[in-house]
Amino acid sequence: MKQIWLFVLTILLAACSTTKETAPKQYSISQFMDIVPINGGAFSADESKIVYNSRATGIFNAYEIDLKTEQEKQLTSSTTNAIFSQSYFPSDDRMLYTSDNGGNEINHLYVRNQDGSVIDLIQDSTAKAQFAGWSYNKKLMYYSSNSRDKKFFDLYSVQISGGETKVYPSTLLYKNEKGLNPDAISNDDRYVALSETITTNNSNMYLLDTQSGAIKLLSPHEGNAQYNAQYFSLDGKTLYFLTDEGSEFMYLASYDIATGEKKKIEEAPWDIMYAYLSRNGKYRVVAINNDARTEIKIYNEQDGGKLVSIDGLPEGDITGVNISDSEKLMSFYVSSSKSPSNLFVYNFDTKEVKQLTNTMTKEIDPNDLVAGEVVRFKSFDGMEIPCLLYKPKGIKDGQKVPALLWIHGGPGGQTRLNYSAALQHLVNHGYAVLAVNNRGSSGYGKTFFAADDRKHGNEDLRDCVESKKFLATLPYIDTERIGIYGGSYGGYMVMAALTFAPEEFKVGVNLFGVTNWIRTLRSIPSWWEAQRQALYTELGDPNTSDSVTLYAKSPLFHTDKIKRPFIVLQGSNDPRVLQVESDEIVANARKNGVKVEYVIFPDEGHGFVKKENNIKASEEVLKFLDENLKK
């Protein structure tokens, strides 16, 4: 009998030991940054390689990987400006990429020839350009640029069928004089779908017939509705588009060009993010924003629209789906909140799934990372606010840890269940993080998205303040040690919280946040002209009586209310939130005796792309938090 009880006791102790969570190993931000960020992905003409972008050298450059040998080759070697590959040429290994200067967002298009020489397609140093795809016959390259008029993007074509050349003359296909931006081109090059931004909640869709020059409105509607062209049918007779007309969420619909008939094709209880058709029409790919995760559906259109099932995938979201022209291969990324993106390729014929990259550093045990959990709370008016919660591992019974609210940019952005080295670094060092998708965030229906219009810094800020009540329900949170962290519009929310709710948060972390709405809205970059009025409608027009309200909600003019310490991180080349925004809020707060740390990056813009700068930024933030929040 005694032996039986000893056996039972042994089993119980073993069970307790296996369920008790042990403290994770603590890692430096340098180790987290050794996880290599990658993105992009395009097949070579012979489908033997994929070109993508990697920050393996500390700054983004273009790489290619051989699908048979899995050997990687670096194609560009920039040490100053980030390079992002767009595509190989349709018939050879020339490669197209974009790059700006120090984060100023003046992106140019470059051709990298097979001998390594590079040609800038944009001669005007002040003009932006973006790749718009290849013609179906593979003889033309399309791009849009504001070289003619800095306010609007025209559509150009370039002959590329003659092989390598030192000169790529362009032809103006569409002269944009009213802010109607090109979105999709039919396979016969006749039709161009155009979009018009009216407000951030309302848009129109047009059809340009290049043969006649006629432009037709396709989306007459009442009230607010979004329209976003996706692709044309193979025969060019039907346009497929996304809209939320008559619905809370974006759904896929079609428009018959000859008859004008519209049909609903697919809908979900969430927004459909995008849809496209593979080159020969065999597969239709649809991406759904499913509660801060990306859900991919692939339909075999030649098999009655049957869903394609892919076995052998690791856990995580599939993103960046790209089907090769032969429709035999598909490249994609798999990632999660605790696993960085890795590039995969799938063979539709053999059903083989092959992982091409391993971006996780060997120095970090993946079991030490934390997966985000979707949670919700009801705000001051009963509106349900979705959030992502990251709980540090190894919390002891009775222990209470400091917490940070993580506020996204936008204002209409969304924090998703993606991997973030900066966030994981903070959680690894003992900070709970609650990423708040406050009202005004995208992905939760158009009513929720519009709920903060003209109420910025008020209702959305109250959502953040109310989130403390949710945190108070968690037994491991020290409610006296809660800070707020955000970038861009999230940085504004940080400063608004410290200014207009000065007792609520112990510290603030402001990454290039707006502090003076009047100046920010007046200094909108010229290339945002098509969206300028939409922003004024949502936020307020600084050139009208709205300036009174904008003044009232701008933290810069009320720095006497700030009491709690904060840190500001700013790029000198930021064209969206000018450095003067941060200079002035720091100076004013310091005059009032508030403790402020200020970190400037002279070679960055709106967001930091260089590895060494991201390391420094996270190191400075952690040091600040350890001194002012954790103690």
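Bear in mind these aren't lab numbers, they're just calculated from the coordinates by the rules spelled out. None of the values given here were measured: they were computed from a predicted structure. No Cβ is skipped: glycine too gets one built from the backbone with ideal geometry, and neighbour counts run over all protein chains shown.
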Longest principal axis of the chain (C-alpha) makes with the long axis of helix 529-539 (C-alpha) an angle, in degrees to the nearest 10, of 30 degrees
Measuring from centroid to centroid over Cα atoms, what is the spacing of the stretch 415-439 and the stretch 365-413 in Å?
7 Å
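Divide by every residue of the chain the summed helix terms, -39500 (n - 2.57) for each DSSP H run of at least 4, and state the resulting mean residue ellipticity at 222 nm, rounded to the nearest 500 deg cm²/dmol.
-5500 deg cm²/dmol
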Select from 143, 111, 153 the residue farthest towards the positive end of the dipole of the stretch 36-166; place +1 on Cβ of Lys and Arg, -1 on Cβ of Asp and Glu, and compute about the Cα centre.
153
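To the nearest 0.05, how large is the calculated FRET efficiency for residue 327 and residue 579 if R₀ is 51 Å and r is the Cβ-Cβ distance?
Details: r = 48 Å, r/R0 = 0.95.
For R0 = 51 Å, the calculated efficiency reads 0.60.
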To the nearest 10 degrees, how steeply does helix 579-591 sit against the main Cα axis of the chain, on a 0 to 90 scale?
20 degrees
Of 607, 199, 487, whose Cα points farthest to the positive end of the dipole of the chain (charges on the beta-carbon: +1 Lys, Arg; -1 Asp, Glu; origin at the Cα centre)?
487
Computed FRET efficiency, Cβ-Cβ of residue 313 and residue 46, R0 30 Å: what is it to the nearest 0.05?
0.70
Just to confirm my numbers, what's the Cα centroid distance between the stretch 249-266 and the stretch 504-580 in Å?
39 Å
Which order do 456, 558 fall in if you start with the one that has the fewest other Cβ atoms within 10 Å?
558, 456
Along the charge dipole of the stretch 25-102, which of 31, 80, 63 sits closest to the positive end, that is, farthest toward it, with unit charges on the beta carbon of Lys, Arg, Asp and Glu (+1, +1, -1, -1)?
31
Table column - 3J(HN,Hα) (Hz), the stretch 197-213, Karplus curve with 6.51, -1.76, 1.60, x for Gly and Pro
7, 9, 9, 5, 10, 8, 8, 10, 10, 10, 10, 9, 9, 5, 6, 9, x
What spacing in nm lies between the two simple spin-label points modelled at residue 237 and residue 31, each 7 Å away from Cα in the Cβ direction?
6.2 nm
Among the stretch 615-630, those whose backbone N falls under 16 Å of a label point 7 Å along Cα→Cβ from residue 480 are 628-630
Against the longest alpha carbon principal axis of the chain, how many degrees, from 0 to 90 and to the nearest 10, is the axis of helix 2-19 turned?
50 degrees
The chain: Rg to Rh, with Rh as the Kirkwood radius over Cα pairs:
0.97
Which FRET efficiency, nearest 0.05, do residue 167 and residue 552 yield, Cβ-Cβ r, R0 41 Å?
0.15
Eigenvalues of the Cα gyration tensor times 5, then square-rooted: what semi-axes does that give for the stretch 36-166, in whole angstrom, largest first?
24, 19, 12
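Roughly speaking, what is the stretch gain from residue 501 to residue 69, that is 0.36 nm per residue apart minus the C-alpha to C-alpha distance, in nm to one decimal? Before the final figure, lay out the partial values.
Numbers: separation 432, 0.36 × 432 = 155.52 nm, distance 5.77 nm.
Length difference between fully extended and current span is 149.7 nm.
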Among 383, 330, 141, 495, which comes first, second and so on when ranked by fewest other beta-carbon atoms within 10 Å?
383, 330, 141, 495
Centre separation in Å (Cα based) which lies between the stretch 455-494 and the stretch 63-87:
40 Å
